[in-house]
Amino acid sequence: MQGARPARGFGNFCSGMDARELKQYERFKSEAQFLRGHAHHLELELRAVRPQLDRANRRIDQLEQSNAEYQAENLALRRKLDDLSLQLKQKPVPSFVKANVPQDKPAKKPGRPRGHAAAVRPMPGKIDVHQTIPCPVDALGKPSC
C-alpha cells in the first residue's frame, strides 16, 4: 500500500485502500448522495401531486359507478326494446291495411282526360220556388261575396 494517501475524515476505513479503490469509493459515495437528493426531490413532488391524484381517483370512481349504472339502464332498455319489437311483430295486420308492395305499372294520372264531354246535371223542367238571397255584409258594411 505504498503511494496510497489516506482520505481526510475517513479515519481507518480509507487507510487500507489504494488509489483505485479510493476513486471507486468516491464515485459510489457521490452517486449515493445524488440518488439521496433525487429521492428527496421525488418525495417532495409526490407530496405536491398526491392531492391531485386522490381527487382524480375519486373522480374515476364516480365515473366508473355512473358508467355501471348507465350500462345497466342501457341493458334494461335494450331488453324492453326487444320485447316491444317482438310484440309489434306478433300483432296481426288489420284487413284494411294495404301491404307495401311495389306496383308493376306506373300509377295513372287522376281525373278525366282532356276534352271529355261535360258531365253536369240537366236543368230541371219545372222550378218550384224562386228565392232572393241577400249577399252577406262584413264588419265595414261592404258586401262580401
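Between the helical axis of 19-90 and the dominant principal axis of the chain, each derived from Cα atoms, what acute angle in degrees is found, rounded to the nearest 10? Relative to the chain, helix 19-90 is tipped by roughly 20 degrees. Between Pro124, Pro102, Pro51, the GNM of the chain built on Cα springs shorter than 10 angstrom shows Pro124 fluctuating the most.
Working from Cα pairs under 8 Å separated by at least six residues, relative contact order for the chain is 7 percent. Taking every DSSP helix (H) stretch of at least 4 residues in the chain, weighting each as -39,500 (n - 2.57) and dividing the sum by the residue count yields a mean residue ellipticity at 222 nm of -19000 deg cm²/dmol. With the convex hull drawn around the C-alpha atoms of the chain, the volume per residue stands at 708 Å³.
Would you kindly give the portion of the calculated P(r) for region 55-129 that falls above 17 Å, as a percent of all Cα pairs? The share of Cα pairs beyond 17 Å in region 55-129 comes to 78 percent.
Any chance you could run the full-extension gain for Leu86 through Gln103? It's 0.36 nm times the residue separation minus the Cα-Cα distance, nm to one decimal. Let's see the in-between values first.
On the way: separation 17, 0.36 × 17 = 6.12 nm, distance 2.90 nm.
Answer, rounded to one decimal: 3.2 nm.
The numbers here are math on the coordinates, done by the rules we state, and not lab data. Fair warning: this is a prediction, and the values are worked out from it, not measured in the lab.
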